[in-house]
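Notes to accompany the following structure.
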């Protein structure tokens, strides 16, 4: 994959928007390329595709924090505190993240995790992203929907609602 400054800037902006701190953006993008995910910049926004499938960048990056944590500076927000924190962009991403967690920490640690965060700091399984589907948008809380509309605009919200 040829890294352009536009792709680098779009990836950096997306990671910053979802409060994920990469150790090296180039290594994150290289890891995605190794997985067959193509990164491009469209009007300053990051687009990720795998074959013909468009992937929501925020969800992909969030899944990577659990699958390949060495690529990121993890703080309390990104640490796994519940099984729901391991939900990925796709069902296969979720399975991989959960398997990686069990491999790293063991089945006892997995069994000790609550299903959802209990401390009120729940990390939604859907990260608000302009590339999300209508089904993903429906799972957002009212506060997350409001923040999304203020950040990305009502027209973007309407475009997501028309997707299937």
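The values are calculated or read from the model by the stated rules, or taken from the named source; none is laboratory data. Because the structure is a prediction, the values reported are computed rather than measured. Don't worry about glycine lacking a Cβ; one is built from the backbone with ideal geometry, like all the others, and counts go over all protein chains shown.
Descriptive notes on the structure:
- Residue match in segment 17-28 (condition: touching a helix residue (DSSP H, G or I) at 6+ places or on another chain (Cβ under 6 Å) and within 19 Å of residue 133 (Cβ to Cβ)): yes
- Scanning segment 1-27 for residues that are farther than 20 Å from residue 70 by Cα and part of a loop (DSSP other than H, G, I, E, B) yields 1, 2, 3, 4.
- Pick from segment 114-135, criterion over 21 Å from residue 11 (Cα atoms), modelled with pLDDT of 65 or more and in contact with a helix residue (DSSP H, G or I) (Cβ under 8 Å, 6 or more places away or on another chain), ranking: surrounded by the fewest Cβ atoms within 10 Å (Cβ to Cβ): 115
For every residue, the table says whether it meets (1) out of contact with any strand residue (DSSP E or B) (no Cβ under 9 Å at 6 or more places or on another chain); (2) surrounded by 12 or more Cβ atoms within 10 Å (Cβ to Cβ).
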position: 8; (1), (2): no, yes
position: 18; (1), (2): yes, yes
position: 30; (1), (2): yes, yes
position: 43; (1), (2): yes, no
position: 47; (1), (2): no, yes
position: 50; (1), (2): no, yes
position: 53; (1), (2): yes, no
position: 57; (1), (2): no, yes
position: 63; (1), (2): yes, yes
